[in-house]
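The values are calculated or read from the model by the stated rules, or taken from the named source; none is laboratory data. The shown structure was predicted, so the numbers you read here are calculated from the model rather than taken from an experiment. Neighbour counts are summed over all protein chains in view; Cβ atoms, including those assigned to glycine, are modelled from backbone coordinates with ideal geometry.
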């Protein structure tokens with residue numbers, strides 16, 4: 001279950017992202033359906049720390065294992 005709150009018309013989603021630098025280059029992701037780039041990350045799940053969430057999201061989005 002994702003960690004989010006609704007208050008009337010407002011919604012808050014607790015999200016994390018990773019800034020991954022290598023040799024002065026920034027890893028950014030791109031979805032061909034959009035002109036924008038973004039950092040790997042996603043929503044934090046209930047009971048999960050931000051650190052665990054960012055590690056899980058990077059593994060999922062980059063299809064890597066620790």
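Scan the stretch 52-65 and give yes if some residue there is surrounded by 13 or more Cβ atoms within 10 Å (Cβ to Cβ), assigned to a strand (DSSP E or B) and out of contact with any helix residue (DSSP H, G or I) (no Cβ under 6 Å at 6 or more places or on another chain), otherwise no.
no
Working only within the stretch 7-29, note down all residues that are surrounded by 10 or more Cβ atoms within 10 Å (Cβ to Cβ) and farther than 26 Å from residue 49 by Cα. It would help to see each step written out before you state the result.
Here is the first cut: in the stretch 7-29, the ones surrounded by 10 or more Cβ atoms within 10 Å (Cβ to Cβ) are 12-20, 26-29.
Answer for the stretch 7-29, where residues must be surrounded by 10 or more Cβ atoms within 10 Å (Cβ to Cβ) and farther than 26 Å from residue 49 by Cα: there is none.
Identify, by number, the condition in (1) within 19 Å of residue 65 (Cα to Cα); (2) assigned to a strand (DSSP E or B) that residue 6 doesn't meet.
With respect to (1) within 19 Å of residue 65 (Cα to Cα); (2) assigned to a strand (DSSP E or B), residue 6 is out only on (1).
Looking only at the stretch 39-51, which residues are in contact (Cβ under 8 Å) with a residue 24 or more places away in the chain and not in a helix (DSSP H, G or I)? Break it down into steps so the answer makes sense when it comes.
Within the stretch 39-51, the first condition is being in contact (Cβ under 8 Å) with a residue 24 or more places away in the chain, and the residues that meet it are 41-46, 48, 50.
If the condition is that a residue be in contact (Cβ under 8 Å) with a residue 24 or more places away in the chain and not in a helix (DSSP H, G or I), then 41, 42, 43, 44, 45, 46, 48 are the ones that fit.
Does the stretch 28-38 hold any residues that are in contact with a strand residue (DSSP E or B) (Cβ under 9 Å, 6 or more places away or on another chain), outside any strand (DSSP E or B) and at pLDDT 95 or above, and which are they? Don't jump to the end; show me each part of the working.
So in the stretch 28-38, the residues in contact with a strand residue (DSSP E or B) (Cβ under 9 Å, 6 or more places away or on another chain) come out as 28-31, 36-38.
With the extra rule that they be outside any strand (DSSP E or B), the set shrinks to 28, 31, 36.
Hits for the stretch 28-38 are 28, 36.
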